[in-house]
1. Helix-only mean residue ellipticity at 222 nm, chain A, DSSP H runs n ≥ 4 weighted -39,500 (n - 2.57), per residue, nearest 500. What is it?
2. Measure off 7 Å from each Cα along the Cα-to-Cβ vector at B:Glu77 and A:Val104, then give the distance between these two points in nanometres to one decimal.
3. Looking at the range B:122-139, which residues lose a minimum of 30 Å² of accessible area between their chain alone and all protein chains in place, measuring with a 1.4 Å probe and not counting ligands or nucleic acids?
4. Most mobile of B:Arg50, B:Arg144, B:Arg134 per a Gaussian network model of chain B (Cα springs, under 10 Å)?
5. Please work out the average accessible area per residue across the range A:3-113, using the 1.4 Å probe convention, and give it in Å².
6. Pop the C-beta distance of B:Ala139 and B:Val27 into the FRET formula with R0 = 35 Å and round what comes out to the nearest 0.05.
7. What number comes out for accessible area per residue over chain B if the probe is 1.4 Å? Units Å², please.
8. Put simply, what bits of the range A:81-110 lose 20 Å² or more of accessible area when the other protein chains are there, versus the chain on its own (1.4 Å probe)?
Amino acid sequence: MKMSFEHRDGLGLLRVEEPRIDASVAIQFKDRFHDLTQNGTGDVILDLSQVDFLDSSGLGALVGARKLLGAGRVLELCGLTPTVDRVMVLTRMHTVFPIHPDLVTALATRAATS
Amino acid sequence: MTGPGPIPGVIGPRPWGLTLRFAATPVAVRAALSAVDAGLADAGAPDDLRARAQIALAEACNNIVEHAYPRHPPPTEAHIRLDIAADLGGLQITLRDRGRAMPDGPLPGRELPPLDPGDIAGLPEGGFGWAILRDMTRAISLSRRNGQNILRFRLPHADKPGPLSRIVT
């Protein structure tokens, strides 16, 4: 499961570098998310712009990742491709995660509201 | 004329279909879905139909992998057979497996698990599969014959939003 991670201004910026988050990689995704974020304390922005497919197992892993951060840290999403966005809306999970069109917008929105 | 003909009812007249048989494992399901998408793209299927096919088939196959063959790793004979036939209205999908039968009673509906966005620890991590499958498809039926589960559904050519889509948009 290829994911890149970067700290920037107290934020964790995570990018999934895989085309699919599905049942075959759901556990790896959650484990990798945990490894990359467990030592930080700030909010996390997850860039999904390279992910063109998310099934219900992948969605479950995304929710599991959200829980790993706890209520004190926020997980924001950006770069949802059409199929990923469709699954998020259909399952109402778009009400759980703040969602931004892309990373630049996500960072600008945070800067404007902080 | 070069290349495979477009899907009847989508662009052209030639009958189109695809049959795959693959192991009931997440990795094999992923490979099968890629093969389906490549086939549909070759046949000229529009992006929306391809996307719905990927989502619906993923949920249907994941259900088989998780529930029909609950042992891990699954027995070597645990396979899924997928038949796709194009017609004027869209795609007719048939999935067959020889795993456990579904419990008696009606098939799961469109209900989503309860969701309170403010309760992080209580967020549901599963229970979305059938709601997603129902939303993407029409005319789902499941039968059991000679030790075989047979799941059928349709993917209409044109996407007509179902009740679930109307609720959330």
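The values are calculated or read from the model by the stated rules, or taken from the named source; none is laboratory data. Note that the structure is a prediction, hence the values are computed from the model and not measured. Because the Cβ atoms are built from the backbone with ideal geometry, glycine has one as well, and the counts that use them run over all protein chains shown. These area figures cover heavy atoms from the full protein model, side chains too; ligands, DNA and RNA do not enter into them. Shrake-Rupley method; radii C 1.70, N 1.55, O 1.52, S 1.80 Å.
1. Details: 4 runs with 46 residues, N = 114.
Theoretical 222 nm ellipticity from helices: -12500 deg cm²/dmol.
2. 5.9
3. SASA drop of 30 Å² or more in the range B:122-139: B:Leu123, B:Glu125, B:Phe128, B:Ile132, B:Met136.
4. B:Arg144
5. Working: 4500 Å² over 111 residues.
Result: 41 Å² of accessible area for each residue.
6. FRET efficiency, B:Ala139 to B:Val27: 0.75.
7. Numbers: 8370 Å² over 169 residues.
I get 50 Å² per residue for this part.
8. Residues shielded by partner chains are A:Thr83, A:Arg86, A:Val87, A:Val89, A:Leu90, A:Thr91, A:Arg92, A:Met93, A:Thr95, A:Val96.
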